[in-house]
1. As an exercise, identify the chymotrypsin sites (Phe, Trp or Tyr not before Pro) in segment 42-89 lying in DSSP coil whose Cβ has no more than 14 other Cβ atoms within 10 Å.
2. Give me 257, 21, 132 sorted ascending by neighbouring Cβ count inside 10 Å, so fewest comes first.
3. Between beta-carbons, use under 12 Å as the cut-off and find the net charge around residue 82, counting Lys and Arg +1, Asp and Glu -1.
4. Once you have the Cα-Cα distance between residue 227 and residue 36, take 0.36 nm times their residue separation minus that, and quote the gain in nm to one decimal.
5. Quick one: length gained pulling residue 142 to residue 108 fully straight, 0.36 nm per residue minus the C-alpha distance?
6. In nanometres, what is the gap between the two model label sites at residue 210 and residue 76, each 7 Å from Cα along Cα-to-Cβ?
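No value in this document is a laboratory result; all are computed from the given coordinates. Treat the numbers as computed from the prediction; the structure is a model and nothing was measured. Here Cβ is always computed from backbone atoms with ideal geometry, including for glycine, and neighbour counts include all displayed protein chains.
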Amino acid sequence: MSATQAVVAADNRTKRQVARDTRRNEAIAHKKLTSKGATIAAVIIAFFWTIPTFGLFVTSFRPGADTQSTGWWTVFTNPEFTLDNYAEALTSGGTSTTLATAFINSLAITIPATVFPIVIAALAAYAFAWIDFKGRNMLFVFVFALQIVPLQMALVPLLSLFSSGLTIGDVQVFPGLTLNDVEFSFARVWIAHAIFALPLATFMLHNFIAEIPGDVVEAARVDGAGHGQVFFRIILPLAMPAIASFAIFQFLWVWNDLLVATIFASPGALPITQALNSLSGTWGNRWFLQSAGTFISIIVPLIVFFALQRFFVRGLLAGATKG
């Protein structure tokens, strides 16, 4: 009887009362979850963390001669800015490619190297979560364990595989993609990044897909939907937050990569990280160009992060609570 009265009392609240109670609950939760000392410490850390970035940003707009003689903080007393650093940085770079060309190369490397592992991992995650086959658990543990394999350990075997191919008996299973084949340069980098990303991508997407209510999948199967329809019409839309979260991680990882691209890419297909490495000059006396190139290189990652931010937060919180 008392429970019924409580429900009726809750239903009789006005919108103003509901809003007031909500604000009170939010204030209580905010008070319990925050601390003035932690907030002050975070602000101080953020301030000192931002100073080097701000100094690099100011340096990217200062004339090269000024950067050699005075510090960036002198702009507060003698402000002098120029866009020549950015114009020169775009037309400079390594011996084989300019920064502008390397920027396009990075896009050509990063977008497929992000899409390919997500497509494969999503299919594998669905299979591990909703298809019952022999050895499923053992195979999933094996895929999960591949995350502990250091990337550096696979570089030499992959390089050998790409160079000479793979032959089992008299059958050539995988043809060699030699380093002189410029048309295969991007493909080598795509394959390498996809291989390195698949274990983590499969693990993350499996954890999300496995949390989807089984009633939804069973209802689709009762209606006659096959695995393909269930995956594309139900699983894929519901798993979009997790996919977007991993897409951000993978995109940033591949965009900022220097090691894998340097080993597997041909000189004409090197990414922007390699061009940035050459901008400062032989003796580091042109580092003001490198600072300008750095801010050119972060434009795309910032756009990707802010465009997918709402999915990123939802993907991180997915599975944190149940009910």
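1. On the way: sites: 47, 48, 49, 54, 57, 61, 72, 73, 76, 81, 86; in loops: 61, 81.
The qualifying sites are 81.
2. Values: 257 22, 21 12, 132 6.
Fewest-to-most ranking of 257, 21, 132: 132, 21, 257.
3. Working: positive: 62; negative: 66, 80, 84, 88.
With Lys, Arg at +1 and Asp, Glu at -1, the net is -3.
4. Values: separation 191, 0.36 × 191 = 68.76 nm, distance 5.18 nm.
Once the chain is fully extended between residue 227 and residue 36, it gains 63.6 nm.
5. Details: separation 34, 0.36 × 34 = 12.24 nm, distance 3.12 nm.
Roughly 9.1 nm would be gained on extension.
6. Going from the residue 210 label point to the residue 76 one covers 5.4 nm.
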